[in-house]
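As structure tokens, the structure follows; a few thoughts come after it.
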Amino acid sequence: MSNVMMDIKNLHAKIGAKEILKGVNLQLEEGKVHAIMGPNGAGKSTLSKAITGHYDVEVTEGEILYKGQNIVDWEPEDRALEGIFLSFQNPVEIPGVNNAYFLRTAVNARRKHLGLPELNAAEFLREMKKLVEELGMKPEMINRSLNEGFSGGEKKRNEILQMMMLQPDLIILDEIDSGLDIDALRAVSEGINKMKDGKRSFLVITHYSRILDYIEPDYIHVLKEGRIIKTAGAELVAELEEKGYGAIEEA
Amino acid sequence: MRPVLLGELTPEEILQELGAAPTKSLAARRLSELKLPTRKSEAYRYFDIEPLMEHDWEILQAPAAIGETERQIVITDGRVTALPSGVEVQVGCSDAIDIDGNHFDPLYYLGHLLSPEVISIRFKQDAKVTLVHRFTRPGRLLAYRTALYLDANVHVQIDERYEGEEACGALILGGYDAFVARDATLTLIKDETLKEGDYTPILSHRIKVDSQAACRLHTFDFGEGAGLQLLRAELHENARIDADHLLYATDHARRGTVSQIVHIGQSSVSEQRAKNILADKARGIFDALIKVEHTGKYAKAHQNSKAILLNDGAYMASKPQLEIYIDDLEASHGSTTGQLDEAQLFYLRSRGIAKEEARKMLILAFANELIDAIGDETLRERIHASFENAYWGATNVTCMETCHGCEDLAAESAAK
Ligand SMILES: Nc1ncnc2c1ncn2[C@@H]1O[C@H](COP(=O)(O)OP(=O)(O)OP(=O)(O)O)[C@@H](O)[C@H]1O
Ligand SMILES: [Mg+2]
């Protein structure tokens with residue numbers, strides 16, 4: 001087995017008074033693509049929020065070890081600076097915050113944290129424009145307000161753009177494929193595949209096999225009622241598509 | 001002089017008491033009708049006006065000495081002390097101006113009664129000028145009135161600044177009477193940052209926008225201290241007013257706007273937007289009435305106030321109101337008060353942006369809408385810097401926050 005990037009042990013978490021995660025155990029390996037599937041309301045997004053330190057989620061028990069350290073009490077920005085990235089299921093719109101200015105602030109915060117020199121406006125924009133083109137985004141997205149008035153697909157591409165600019169170590173993609181047309185799905189998947197470098201880990205939350213055909217997961221985990229109830233190889237996808245989650249037995 | 005004592009007098013007695021000219025009898029009559037403001041007066045309810053009205057003020061009468069400047073009109077302690085050379089502006093003084101007989105603010109009238117003469121600035125041609133109000137004497141009551149006349153079809157931008165670091169504890173009763181003639185445009189950009197203990201400005205304005213004329217107001221009130229602007233605007237046929245008010249108040253500030261926009265003519269348009277950011281124990285005031293008279297058919301009146309409270313102790317007194325006497329019109333108003341959006345804050349932080357920086361970005365974004373509405377680029381940048389100074393204590397606005405030309409820059413450097 002490869003090195004473990006993230007080791008989630010017996011994680012219990014609440015949203016408000018309701019326990020959503022009920023003892024999640026999950027190991028994410030370095031350089032591997034993990035997919036999580038599971039019915040609506042199972043707690044998939046909640047898990048991604050627990051990992052990134054979202055204010056809605058309160059961890060009540062268990063640990064999230066990331067590169068060996070328990071990050072449960074870390075501020076969201078510190079988790080991000082250490083290389084955790086979440087592509088949101090529903091990215092928020094932030095009117096008045098310029099997309100390029102936002103992303104440059106984020107990229108430079110990360111570079112500073114890594115001891116790299118900051119990028120000046122011109123260097124940054126050159127890089128950003130290149131990726132915007134690659135992802136098939138309209139160039140004017142660069143200077144629009146962050147996600148404001150973006151279509152569903154444009155928001156998702158913008159998440160991928162951020163991922164590619166930030167060069168994170170652990171990438172969580174929460175339904176990156178939902179609502180994407182074929183071209184967008186291909187562009188996004190190519191972006192993701194380009195990020196594979198044998199070290200980076202991916203956690204892909206999805207309901208569909210389409211994206212998994214492109215990005216070839218190493219492991220499939222099934223999350224149901226706040227627990228991982230099954231882990232298998234890519235062959236599980238076909239079985240799930242055919243039989244549904246009801247047929248999955250707790251392993 | 002204790003203003004509160006005037007409240008009991010007849011108009012004749014007021015004129016006599018203040019030694020005002022008989023030409024001011026309308027002002028005296030209106031003041032005695034309206035009475036001096038108390039904490040119960042609607043317009044001053046959240047302002048703590050009473051100590052100011054009860055104080056025994058020494059009234060400041062400063063001598064005048066006029067010099068020339070580049071492009072500025074400077075009014076020091078109520079007297080014109082510098083005039084621009086070569087700019088087509090006429091500045092003079094008169095005691096016969098057409099004052100507003102329907103203003104809601106008693107201090108508009110008190111200001112007129114106490115001003116020995118009115119500074120009148122007349123624009124016969126298009127102009128861009130800077131108008132500096134400078135206050136140098138602490139602890140006094142200073143009353144002076146400014147009249148702005150725009151001739152027909154003349155387009156004027158006035159960049160209004162306030163300098164008063166030395167005038168701590170002073171009370172300023174000021175404001176303009178603006179007459180915007182047919183087809184003319186007045187753009188007024190006011191930038192006033194106060195500190196605790198500074199002078200208290202009560203600026204009571206009256207704006208008459210003639211047929212097909214336009215007035216664009218951009219007011220930027222930042223910092224601490226106490227200050228109120230009171231505004232009554234009259235819109236005639238096809239006239240329009242766009243009034244934007246950005247307030248960023250901290251500490252124990254009491255700052256804000258009280259306004260009445262009156263649609264008199266047909267098809268007149270008013271758009272009023274207030275954005276208020278309140279920190280610490282600051283109190284923001286936005287008490288704004290839009291009134292559409294029965295003569296104001298087909299009027300369009302839109303008004304909106306948004307406030308962000310950054311601390312538990314901050315308070316926003318927001319009262320947008322519509323008073324409408326006809327059916328044929330388009331009108332809307334709204335008011336919201338809230339905190340910074342948690343989901344937005346989390347999004348920024350989840351990308352590695354520190355909490356304080358993320359808060360700053362969101363506050364700047366909220367303010368930006370009104371700052372970006374300034375057409376003049378140099379002024380826009382200056383107000384940006386002024387806001388940053390007030391918020392951050394220093395300005396570090398970078399190119400990408402304010403301009404949208406960076407792509408060209410990147411393209412250039414990529415080509416090299
Ligand atoms: N802010 C919230 N307040 C209250 N309940 C919430 C909140 N967010 C999520 N929940 C609840 O938590 C449970 C898990 O939600 P979660 O979003 O994690 O599901 P999911 O597995 O991502 O589902 P989907 O496939 O529909 O995205 C659901 O019952 C949901 O209603
Ligand atoms: Mg979800």
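A short reminder: the numbers here are calculations on the coordinates, not readings from a lab. The shown structure was predicted, so the numbers you read here are calculated from the model rather than taken from an experiment. Methodologically, a virtual Cβ is constructed for each residue, glycine included, from the backbone with ideal geometry; neighbour enumeration extends over all protein chains shown.
The residue list A:184, A:206, A:219 was ranked by how far each Cα lies along the charge dipole of region A:176-223 toward its positive end, using unit charges on Cβ atoms, and A:219 comes out on top. Estimated at 0.36 nm per residue, the fully extended path between residue B:128 and residue B:54 surpasses their Cα-Cα distance by 22.6 nm. Only helical runs count toward this figure. For chain B, summing -39,500 (n - 2.57) over DSSP H runs of n ≥ 4 and dividing by all residues gives -6000 deg cm²/dmol at 222 nm.
Ratio to report: Rg/Rh of region A:4-247, with Cα atoms as the point set and Rh obtained by the Kirkwood method; give two decimals. Result: Rg/Rh = 0.95. Per-residue shielding of A:122-133, expressed as the average number of other chain Cβ atoms within 10 Å of the residue Cβ, stands at 3. A Cα-only calculation for region B:1-70 places Rg and Dmax at 15.4, 47 Å. Partner lysines whose Cα lies under 16 Å from the Cα of residue B:306, excluding those fewer than 8 positions away in the same chain, are identified as B:275, B:319.
When each of the peptides A:10-21, B:339-350, B:230-241 is scored by how many other beta carbons lie within 10 Å of its residues on average, the order from highest to lowest is B:230-241, B:339-350, A:10-21. Residue by residue along A:97-109, Cβ atoms of other protein chains within 10 Å of the local Cβ number 6 on average.
Please compute the average number of Cβ atoms from other chains found within 10 Å of each residue's Cβ in peptide A:42-55. Spell out each step's value before the answer.
On the way: counts 0, 0, 0, 0, 0, 0, 0, 2, 0, 0, 3, 3, 5, 5.
That works out to 1 on average.
The share of Cα pairs per 5 Å bin across region B:210-369, counted from zero up to the longest distance, runs 2, 9, 18, 18, 16, 13, 10, 8, 5, 2, 1, 0 percent. In summary, the aspartates and glutamates within cross-link reach of residue A:155, defined as a Cα separation below 17 angstrom excluding same-chain residues under 8 places away, comprise A:93, A:133, A:134, A:140, A:174, A:175, A:177, A:181, A:183, A:190.
For Cα pairs less than 8 Å apart in space and 6+ apart in sequence, what is the mean separation divided by the residue count of chain A, i.e. the relative contact order in percent? Can you show the working numbers first?
Numbers: 460 pairs, mean separation 68.5, N = 251.
Once divided by the residue count of chain A, the mean separation gives 27 percent.
For a quick protection proxy, order the peptides A:52-61, B:25-34 by their average other-Cβ count within 10 Å, most packed first.
Details: A:52-61: 17.7, B:25-34: 19.9.
Packing proxy ranking, top to bottom: B:25-34, A:52-61.
Using the Kyte-Doolittle scale, which helices in chain B average at least 0.0 and also have C-alpha atoms spread 30 Å or more along the helix axis, with helices defined as whole DSSP H runs? Can you show the working numbers first?
Details: long enough: none.
For chain B, where a helix must reach 30 Å along its axis and average at least 0.0, there are no hits.
Compute the convex hull volume of the Cα atoms of chain B, divide it by the residue count, and report the result per residue in Å³ as a whole number. Please report the intermediate quantities before stating the final value.
Details: hull volume 66.3 nm³, N = 416.
Given the Cα convex hull of chain B, per-residue volume reads 159 Å³.
Highest mean first, the peptides B:374-386, A:30-42, B:255-267, B:324-336 sorted by other C-beta atoms within 10 Å per residue fall in the order B:255-267, A:30-42, B:374-386, B:324-336. For region A:82-154 versus region B:309-381, the inter-centroid distance based on Cα atoms is 23 Å.
What do the square roots of 5 times the Cα gyration tensor eigenvalues come to for the protein assembly as shown, in whole Å, largest first, as semi-axes of the equivalent ellipsoid? All intermediate terms of the calculation are to be shown ahead of the outcome.
Working: eigenvalues 722, 125, 104 Å².
Equivalent-ellipsoid dimensions as semi-axes: 60, 25, 23 Å.
Shape descriptor for region B:141-238: Rg over Rh equals 1.03 (Cα atoms; Rh from the Kirkwood inverse mean 1/r).
Working from label points 7 Å from Cα in the Cα-to-Cβ sense, the residue A:116 to residue A:238 distance is 4.0 nm. With a Förster radius of 25 Å applied to the beta-carbon distance between residue A:18 and residue A:78, the computed FRET efficiency rounds to 0.40. Pairs A:44/B:360; A:9/A:44; A:14/A:196; A:112/B:355: which exceed 22 Å Cα-Cα? Result: A:44/B:360; A:14/A:196 exceed 22 Å.
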